[in-house]
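One structure is given below, encoded as structure tokens.
The values are calculated or read from the model by the stated rules, or taken from the named source; none is laboratory data. Only a predicted model underlies this, so the values are computations on that prediction, with no experimental measurement involved. Ideal geometry is used to build each Cβ from the backbone, glycine not excepted, and the neighbour counts take in all protein chains shown. Accessible surface areas use protein heavy atoms only, side chains included; no ligands, DNA or RNA. Shrake-Rupley method; radii C 1.70, N 1.55, O 1.52, S 1.80 Å.
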Amino acid sequence: MGRPVDFVGVDETTSRWVQDFSATPYATPAKLESIDGARYQSLLIPDCPGALNDLAHSGSLHRILTHFISQQKPVCAVGHGVSALCCATEGQRWIFSGYSLTGPSVFELVRKPDFANLPLIVEDFVKDSGGSYTGNQEDAVHVVIDRHLITGQNIQSTSLAVNNLIMFCNAK
């Protein structure tokens with residue numbers, strides 16, 4: 001099992017929900033290393049800034065993504081979560097080479113105070129690895145669907161990307 005979820009900004013109005021949630025089995029997520037992709041029908045990687053540092057280089061996620069792509073199961077990644085797809089390289093080849101996708105644009109990233117220290121810029125990685133990157137203006141909703149891969153440019157694209165993932169799942 002992983003570590004319990006840490007909540008920040010808990011106040012009187014949210015403390016009851018946090019307390020109820022903490023009593024559920026979902027309060028302590030499974031470790032990524034223990035996940036068997038064969039047990040799941042779809043994969044969602046939400047906007048998560050930490051993905052740039054850990055998921056983008058995760059061998060466990062690489063294994064899961066390889067299974068999903070080989071079985072043509074739907075994968076959805078949004079915002080910084082798209083950087084997690086960068087871990088899926090085999091030798092010098094990225095398994096999403098030839099795919100069209102989106103993720104945070106350089107114009108969105110440059111506004112962040114830690115831009116100079118980012119370990120990865122998704123737009124550059126995609127282009128350098130044989131993918132086709134498209135982006136929209138900053139903070140605009142932009143979703144790209146290519147085969148069974150759904151990507152959203154930013155957090156504003158979450159709802160549209162996830163709704164497309166749900167439609168993919170319902171179509172099977």
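Give me the residue from the range 100-116 that is open to solvent by 60 Å² or more (accessible area, probe 1.4 Å), assigned to a loop (DSSP other than H, G, I, E, B) and out of contact with any Leu (no Cβ under 9 Å at 6 or more places or on another chain) and, out of that set, nearest to residue 53 (Cα to Cα).
Among those that are open to solvent by 60 Å² or more (accessible area, probe 1.4 Å), assigned to a loop (DSSP other than H, G, I, E, B) and out of contact with any Leu (no Cβ under 9 Å at 6 or more places or on another chain), it is 114.
What do you reckon, is residue 22 open to solvent by less than 60 Å² (accessible area, probe 1.4 Å), over 26 Å from residue 119 (Cα atoms) and either without any contact (Cβ under 8 Å) to a residue 12 or more places away in the chain or among the hydroxyl-bearing types (Ser, Thr, Tyr) (or both)?
No; evaluated as a whole, the condition is false for this residue.
Which ones in the range 136-172 are part of a helix (DSSP H, G or I), farther than 21 Å from residue 70 by Cβ and among the small types (Gly, Ala, Ser)?
157, 159, 161
Name the single residue that is farthest from residue 165 (Cα to Cα) among those in the range 136-148 being in contact with a Leu (Cβ under 7 Å, 6 or more places away or on another chain) and surrounded by fewer than 16 Cβ atoms within 10 Å (Cβ to Cβ).
141
Looking at the range 20-36, can you tell me whether even one residue there is in a helix (DSSP H, G or I) and either modelled with pLDDT of 95 or more or in contact with a Leu (Cβ under 8 Å, 6 or more places away or on another chain) (or both)?
Yes: the range 20-36 contains one or more residues that are in a helix (DSSP H, G or I) and either modelled with pLDDT of 95 or more or in contact with a Leu (Cβ under 8 Å, 6 or more places away or on another chain) (or both).
Looking only at residues in the range 58-99 that are touching a residue at least 60 places away in the same chain (Cβ under 8 Å) and assigned to a loop (DSSP other than H, G, I, E, B), which one is farthest from the chain's Cα centre (by Cα)?
Within the range 58-99, the match that is farthest from the chain's Cα centre (by Cα) is 72.
Condition first: touching a residue at least 40 places away in the same chain (Cβ under 8 Å), more than 17 Å from residue 149 (Cα to Cα) and open to solvent by 40 Å² or more (accessible area, probe 1.4 Å). Now tell me which residues in the range 39-57 satisfy that.
Matches in the range 39-57: 53 only.
Of the numbered conditions (1) closer than 23 Å to residue 92 by Cα; (2) modelled with pLDDT under 95, residue 151 fails exactly one; give the number of that condition.
Checking residue 151 against (1) closer than 23 Å to residue 92 by Cα; (2) modelled with pLDDT under 95, the one that fails is (2).
For the range 122-135, which residues satisfy the criterion of being under 9 Å from residue 102 (Cα atoms) and either assigned to a helix (DSSP H, G or I) or open to solvent by 40 Å² or more (accessible area, probe 1.4 Å) (or both)?
122, 123, 126, 132, 134, 135, listed by residue number.
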